[in-house]
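Reviewing the structure listed below.
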Amino acid sequence: MFKILFIFLFSVFAEEVKFLPYMAEHENLGCPSNSQCSKKIGLIRHQWINIAKSNSPNKLKRMNNFINSYGALIPVWGRESSQANKELILWDSSCKNHNNEKLESMKLIEVYSKNINSLKDQKDIFIPNALRLNKKKPTTRKVIRGDAPVLIDGDDFLYIKESEGFYYGLRLKSNGEIRVEETPKVTNYPSEIKCSDEHTKALLSMSPVKNLYQGSYCKIIWNRKSKSYETLAFGWSCD
């Protein structure tokens, strides 16, 4: 009797701890390494990974169909309370200013969204702001964390992104909508310039928490419609 019970319990335990190849990255299929990520979000991300790895001639179309259903995975910032939100992929930030015991800790977040402006009312997350400085009066735009456009197309920002070795263009429209397209051809490349104290102060004043940014950085980025460079200012958190 005891022998039968032992064999049964051993077989159940062995099944529970069976190691599968994807577990080298995360216990949940599709989740990125070292992240806090639910099984549901991992399975959604796994679909995107399969599209990116496929040899489909309609890969970009399939990616946009995916975005129509789930949205694109957008990097943003999160509050400590974001850890309770199962719809997010989350990491601890390596910035010292984000891990001050006297202040609220900041998290690195990725979230699925069809329109980045739709995230602004979520209390757990912060969407980074950029200042567009070439107008008579600086204007504010919601942007993705940790990246800058390689090109401006009228009022749309174009990024180059990569997934599973596949490079593509991500278009962040002026209304916040997100689409993917062919990798943009860049002939006039962005370059970094010094931000003015005035613009740094303005950018930092927009931060919802005082320990999110330590400073700012500015880039001149080519607008292919106006055929001129524009200056954008972004928040800087740490090296």
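Computed values, structure above
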| item | result |
| --- | --- |
| Sum of -39500 (n - 2.57) over DSSP H runs of 4+, divided by residues of the chain (222 nm, nearest 500) | -6500 deg cm²/dmol |
| Average accessible surface area per residue within region 102-171, 1.4 Å rolling probe, Å² | 46 |
| Coil-residue GluC sites (Glu not before Pro) of region 102-170, DSSP, other Cβ within 10 Å capped at 11 | Glu164 |
| Reachable aspartates and glutamates from Lys173, criterion Cα separation under 16 angstrom, eight or more residues apart if same chain | Asp147, Asp153, Asp155, Asp156, Glu181, Glu182 |
| Two-decimal ratio, region 27-236, of alpha-carbon radius of gyration to 2.2 N^0.38 Å | 1.04 |
| Along each principal axis, Cα extent of region 85-129, largest first, Å | 34, 20, 15 |
| Placed amide H near Ser216: partners under 5 Å, 5+ positions off or other chain | Trp236 |
| Carbon + sulfur, % of accessible area of region 27-236 - ligands and nucleic acids excluded, 1.4 Å | 47 |
| Exposed trypsin sites (Lys or Arg not before Pro) absent: longest stretch of the chain, with sites in DSSP loops and at most 13 other Cβ within 10 Å deemed exposed | 19-85 |
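The values are calculated or read from the model by the stated rules, or taken from the named source; none is laboratory data. None of these values were measured; they are calculated from a predicted model. For neighbour counting, all protein chains shown are included, and Cβ atoms are generated from backbone atoms with ideal geometry for every residue, glycine included. Just so you know, the surface numbers come from the protein's heavy atoms only, side chains and all, with ligands and any DNA or RNA stripped out. Shrake-Rupley method; radii C 1.70, N 1.55, O 1.52, S 1.80 Å.
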